[in-house]
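Quick notes on the structure that follows.
The values are calculated or read from the model by the stated rules, or taken from the named source; none is laboratory data. Note that this is a predicted model, so its numbers are computed, not measured. Reconstructed Cβ throughout: ideal geometry from the backbone, glycine too, with neighbour counts over all protein chains shown. For accessibility, only protein heavy atoms count, side chains too; no ligands or nucleic acids. Shrake-Rupley method; radii C 1.70, N 1.55, O 1.52, S 1.80 Å.
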Amino acid sequence: MGIAWPAGALATGGVQDAQAPRGGVPLPVWPPRTDVDHRVDDDDDGQVPRSHDDSSLEATLHALVVTYVGLYIYPTAIFYAEQLQCLFPSLDSLHLLATTLQRAGDAASAFRLLQHHLPSFAPVIQGNHTAAQLLYLLGVTAAMTRRYDEAEKALIRLENSGRGDGASAYWLAVCARGKRVPDAGGAASGAAPWLHAVECDPLNIEAVDQAAAVHCGAGGNPSPTQADAMKTLAALSSISADGSAWTSPLADVRPRSGSRVAPFSSSLVPRSDRIPTVPDADMRSCGLRFLAPFVAVILAEHHHMHRRATSIASSLRKREPLTGRPNAASGWLMMRAALSEFHCGDNAASVSTFNALRASLPWRLNDLGWVSYSTALWLSKGDGALSAFAQQLIDAMPDSAITMAVTGNAYSLSRDPKTAELMFRRASQADPLFGYASCLRGHELLALDQTSEAEHCFRDAMRLDPRSYAAAAGIGECYLHNGHDAKAISYFQMAIDINRHPSILVRLAGAISAACGLGPGSSDPVREAQDRQQRLHRARLLYEQALEVQPTSVAARHHLALTLLRLGHAEDARQRLEVLVEDCPDESLVHLSLGKCLGCLRQPTRAVAELHRAMELDPRRAPAARALVDRLSTGALSLDDIEA
């Protein structure tokens, strides 16, 4: 397929330490200090005064750490941070070393360092802001490396000390999600940690996004318009709409003048006397008003009101309401618009928006939304484009779950389900919360006739996201594969209740029209015929609904024409199939269906021509097409020939 992995990549299929969750909160960055005083104060714990040389060396080492962090030369920065901690041990130097390790991408070492020194700072967190920051950093690095129990212990201890805030509430919610704690109250109970995080800090859009996802899964259905988005945000976060009840996550944690060395600083960070650390009421109100339409997009998306989400995102790209400025280059808005188009079944528009995002922001690759893009390319049979995109991700981030899932779709499109299943399995291992990877793996297992394993994958995806319409439809496919039509129909209906995606409407209609009649033991041909007609009429309505959602859906148009033919409306079916052949001249199944229709209308010459065309386009259709040609030599086709 032409996809090349770097040497050693995925050799063992192991999982590296997890990085920060999507949109994770960065660690606090303190403004530079010019008032460093080395006199003994309350935070010095009785240490003796330093000599001039000691003070000069301490300041020099600190400055060197800051310099090399600013230059992104992390090994050198870590070296000087270690020397500073060794020669001048203090809570401040410990915080500097741990923060440098985390910024260098080594959250695991930062966690182990802080865990080792926990007895030195945990007892004084109430009276020492640096100790509180160390405990917070311990919790964050533990969460980043999936040590969720240790993270919760540190962050709960921080909250119990009165030092908790929106940042610690956010990471506690990350821990609850990572542990996948079963909730007696279902989705409504699972929303509590995220709602608390939003209550503490409503400007944290990642917390708002996660809270909305779980809150919508609990069954709420607020109207996500721009006009009431602020009210919806207030309802989610339990704050007043003007932000007056909001508490800043940075409150009461500024470095105090008595501290010897600031925990972390950079010459690029503005001084606190120029830009306030804690937003005032006007800034809070402005931030919430700015955020409101973005929340409207989030809520529309999580309620599967995707056309509304696309409309709001498009409007925001044209004009940001507060300033009137265009925001067309917003990667967040472009990604949300592309995903909404994908989830409402507008595959062509989705691919177009994704391509525009790739062209305008080629660096923006670390987003799970790109897996949906790869599925959209799979659906449009864009083999070359999908392979090229997979190779780009392999070159950029070979160990990412995103890369593995996209590559899995590329192998699937090249008809290699075994390798595709392996890639999706590795994606799930790399990110255990990535439910969509389990869905995609389930489809490959179905292709391999491993129905039981496929159902397990779909159910695991539904456990991670109870409103995953793709997972519900996947379970339906498993039941359909095993001949359990009634159960298949119930799960397809569940998927439709979540999101009226045209492809699932088509699958539901197909399952209904193909379902067995009155069941085993029935011997009433009249009731059988009535039941068949009822099922066909219901299927026709579903196909028409699918076309209302997505008028260009080839599958819905094709199956609607076949259903009309089975209902006896052969002329209507012929007209629809002829238009579809003009629109999709290379679809062998459409030519095959048109051949059947023309055979029923006693037009054998044209029927044979269409059947031969179907064989030319796809040799796999040859046995069925030849059988129909032979049947036409003896007369017109019958209903039994159509069903074959």
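Things to note:
- Test: LEU628 is touching a residue at least 24 places away in the same chain (Cβ under 8 Å) and in contact with a Gly (Cβ under 7 Å, 6 or more places away or on another chain): yes
- Qualifying positions in the stretch 348-380 - among the polar types (S, T, N, Q) and either under 17 Å from TYR469 (Cα atoms) or in contact with a Ser or Thr (Cβ under 6 Å, 6 or more places away or on another chain) (or both): SER372, THR375
- When the residues of the stretch 179-212 are filtered to those that are small (Gly, Ala, Ser) and surrounded by fewer than 20 Cβ atoms within 10 Å (Cβ to Cβ), the one that is modelled with the highest pLDDT is ALA192.
- Residue that is nearest to ALA539 (Cα to Cα) [pool: residues in the stretch 555-581 that are open to solvent by 40 Å² or more (accessible area, probe 1.4 Å) and aliphatic (A, V, I, L, M)]: ALA555
- Residue in the stretch 126-141 that is open to solvent by 60 Å² or more (accessible area, probe 1.4 Å), outside any helix (DSSP H, G or I) and in contact with a Lys or Arg (Cβ under 9 Å, 6 or more places away or on another chain) present: yes
- As a summary of the residue check, GLY166 satisfies the conditions (1) open to solvent by 10 Å² or more (accessible area, probe 1.4 Å); (2) over 23 Å from PHE434 (Cβ atoms); (3) at pLDDT below 90 except for the one numbered (1).
- A residue that is open to solvent by 60 Å² or more (accessible area, probe 1.4 Å) and free of Cβ contacts under 8 Å to residues at least 12 places away in the same chain can be found somewhere in the stretch 363-382.
- Single residue of the stretch 406-423 satisfying the filter (closer than 12 Å to LEU448 by Cβ, outside any loop (DSSP other than H, G, I, E, B) and not β-branched (Val, Ile, Thr)) that is least open to solvent (accessible area, probe 1.4 Å): ALA420
- Residues within the stretch 76-96 that are within 17 Å of ASP106 (Cβ to Cβ) and outside any helix (DSSP H, G or I), tallied: 0
Residue by residue, here is whether (1) open to solvent by 40 Å² or more (accessible area, probe 1.4 Å); (2) more than 24 Å from SER503 (Cβ to Cβ); (3) under 15 Å from the mean Cα position of the chain (by Cα) holds:
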| position | (1), (2), (3) |
| --- | --- |
| MET305 | yes, no, no |
| SER314 | yes, no, no |
| LYS318 | yes, yes, no |
| THR323 | yes, yes, no |
| MET335 | no, no, yes |
| SER340 | no, no, yes |
| GLY345 | no, no, no |
| SER350 | no, no, no |
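- All positions within the stretch 395-405 that are touching a residue at least 60 places away in the same chain (Cβ under 8 Å) and crowded, with 24+ Cβ neighbours inside 10 Å: MET404
- For the stretch 511-555, a residue qualifies if it is at pLDDT 80 or above, in contact with a helix residue (DSSP H, G or I) (Cβ under 6 Å, 6 or more places away or on another chain) and part of a loop (DSSP other than H, G, I, E, B), and the qualifying residues are GLN550, SER553.
- Qualifying residue in the stretch 428-441 (condition: at pLDDT 95 or above, open to solvent by less than 20 Å² (accessible area, probe 1.4 Å) and over 26 Å from LEU299 (Cα atoms)): no
- MET397 being of a type in the set (A, V, I, L, M, F, W, C) and either modelled with pLDDT under 95 or within 14 Å of the chain's Cα centre (by Cα) (or both): yes
- The residue that is nearest to LYS153 (Cα to Cα), counting only those in the stretch 97-124 that are in a helix (DSSP H, G or I) and of a type in the set (Gly, Ala, Ser), is ALA122.
- In the stretch 491-500, the residues that are open to solvent by 30 Å² or more (accessible area, probe 1.4 Å) and under 15 Å from GLY510 (Cβ atoms): TYR491, GLN493
- Residue, nearest to ALA410 (Cα to Cα), within the stretch 432-489, restricted to residues that are of a type in the set (S, T, N, Q) and not in a helix (DSSP H, G or I): GLN450
- Test for ARG157: is it outside any helix (DSSP H, G or I) and modelled with pLDDT of 85 or more: no
- Options ASN366, ASN355; residue that is over 20 Å from ILE504 (Cβ atoms), among the polar types (S, T, N, Q), under 19 Å from the mean Cα position of the chain (by Cα) and part of a loop (DSSP other than H, G, I, E, B): ASN366
- If the condition is being open to solvent by less than 10 Å² (accessible area, probe 1.4 Å) and under 14 Å from ALA142 (Cβ atoms), then the stretch 72-106 contributes only ALA98.
- From the list ARG146, ARG112, the one residue that fits, being open to solvent by 50 Å² or more (accessible area, probe 1.4 Å) and within 23 Å of ALA211 (Cβ to Cβ), is ARG146.
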